[in-house]
Amino acid sequence: MNERLQTKLKDFATSLGADAVGFCAFDAPPSPLAPTLTHAVSIVVKLSDAVLKTIDSAPSFAYFQHYRTANALLDQIAFRVARVLEDEGYNALPIAASQSQGKNRPYNGVIPHKTAAVLSGLGFVGKSGLFLSAKYGSKVRLATVLTDAPLESELPVIENGCGDCNACMKACPAGAIFGQVPTKDGLRNIDPEKCSRYMKEHFQEVGRGSVCGICVKVCPKNKLKEP
């Protein structure tokens with residue numbers, strides 16, 4: 001394990017606003033765009049409890065704005081972490097917090113951020129298909145940096161901790177959550193087309209139907225602070 005480099009990356013990302021940072025190695029290249037990059041830095045930013053509380057039966061403008069701000073912060077952190085890796089002599093590809101590969105693959109990014117986060121031991125994928133941080137629950141956003149630096153996970157992979165809870169499935173207005181335990185590799189456990197279609201049909205007034213957040217808010221792993 002390259003402890004010096006991993007400590008440097010973790011301290012640097014944290015200084016920029018990351019709330020958790022992890023590392024992992026993939027058994028095979030995770031993206032055909034970068035076949036030589038088989039390691040990753042996983043970056044976590046926590047969302048505000050107060051903002052999540054503004055979500056009721058629909059997303060709020062506060063949540064939409066907060067969501068975009070968190071994504072922008074993650075993109076900046078990933079960009080600068082990639083620069084550090086390049087300065088250290090490695091190749092690095094920062095992956096944006098929100099990804100889409102166009103009309104042919106509208107619900108698929110370069111890689112699933114949650115896969116890297118799970119392999120880094122930072123949490124698990126819940127029944128909602130969301131990544132649930134071991135510390136913060138589902139109230140997080142993620143970014144990833146792929147690299148050829150010899151990074152290794154510092155934490156064991158966490159078993160799914162949803163148990164019998166189906167709060168997200170019951171709360172989802174689109175009926176897009178299956179309520180089954182997903183696989184460890186972070187594959188989604190929802191119908192993304194159904195979710196997206198519902199948002200565009202019912203939440204156009206907030207971010208043109210690009211966010212919801214109801215399943216994020218209701219997850220009991222969040223432990224939202226009381227006023």
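Tell me, Kirkwood radius of the chain from alpha-carbon pair distances, in Å?
Taking the inverse mean of 1/r over all distinct Cα pairs, the chain comes out at 17.8 Å.
On full extension, the segment bounded by Phe61 and Ala134 gains 23.5 nm, given 0.36 nm per residue less the C-alpha separation.
Net charge near Ala18, counting Lys/Arg +1 and Asp/Glu -1 over other residues with Cβ under 13 Å of its Cβ?
Numbers: positive: Lys10, Lys46, Arg80, Lys135, Arg141; negative: Asp11, Asp19, Asp75.
In short, +2.
For Arg208 and Lys223, compute 0.36 nm times the residue count separating them, minus their Cα-Cα distance, and round to one decimal in nm.
Values: separation 15, 0.36 × 15 = 5.40 nm, distance 2.91 nm.
The Arg208-Lys223 span can extend by a further 2.5 nm.
Compared with the alpha-carbon gap, the fully stretched path from Thr7 to Asp148 is longer by 49.1 nm at 0.36 nm per residue. The order of Cys165, Cys172, Cys24, going from fewest to most other C-beta atoms within 10 Å of their C-beta, is Cys165, Cys172, Cys24.
Spin-label pair Lys200-Thr36: with each label point 7 Å from Cα along the Cα-Cβ axis, the two points sit 3.9 nm from one another. Quick one: angle between helix 192-202 and the longest Cα principal axis of the chain, in degrees between 0 and 90, rounded to 10, please. Between helix and principal axis, roughly 50 degrees.
Once the Cα atoms are used to define both axes, helix 3-15 deviates from the longest principal axis of the chain by about 40 degrees. Modelled label positions at Lys53 and Ser15, each set 7 Å beyond Cα in the direction of Cβ, lie 3.4 nm from each other.
Computed FRET efficiency, Cβ-Cβ of Ala171 and Gln99, R0 41 Å: what is it to the nearest 0.05? List each step's numbers first, then the result.
On the way: r = 25 Å, r/R0 = 0.61.
Calculated transfer efficiency: 0.95.
Taking the Cα centre of the chain as the origin, how large is its charge dipole in debye, to the nearest 20, when only Lys and Arg (+1) and Asp and Glu (-1) carry charge on their Cβ atoms?
Numbers: 26 positive and 21 negative charges, 147 e Å.
The calculated dipole for the chain is roughly 700 debye.
In percent, how large is the relative contact order of the chain, given Cα pairs closer than 8 Å and 6 or more residues apart?
24
For n ≥ 4 DSSP H runs only, could you compute -39500 (n - 2.57) per run for the chain, divide by its residues and tell me the 222 nm figure to the nearest 500? Please report the intermediate quantities before stating the final value.
Values: 7 runs with 72 residues, N = 227.
Rounded to the nearest 500, it is -9500 deg cm²/dmol.
Which shape class, rounded, prolate or oblate, goes with the stretch 74-165 when its Cα gyration tensor gives a ≥ b ≥ c as root eigenvalues, a/c under 1.5 marks rounded, and past that a/b bigger than b/c marks prolate? Intermediate results must be reported in sequence, preceding the final value.
Working: a/c = 2.28, a/b = 1.36, b/c = 1.68.
Oblate shape, in that a/c is at least 1.5 and b/c is the bigger or equal ratio.
Working ranking of peptides 57-64, 130-137, 38-45 by packing, defined as the average number of other Cβ atoms within 10 Å per residue, highest first, is 38-45, 130-137, 57-64. With the highest mean first, a sort of the peptides 74-81, 192-199 on other beta-carbon atoms found within 10 angstrom per residue produces 74-81, 192-199.
Taking 4.7 Å between beta carbons as the limit, the unpaired Cys residues of the chain are Cys24, Cys162, Cys165, Cys172, Cys195, Cys212, Cys219.
Any read-out appearing in this document is the output of simple, stated calculations on the displayed coordinates, not a laboratory observation. It should be emphasised that the depicted structure is a prediction, and the values quoted were computed from it without experimental measurement. So basically every Cβ, Gly included, is an ideal-geometry build from the backbone, and we count neighbours across all protein chains shown.
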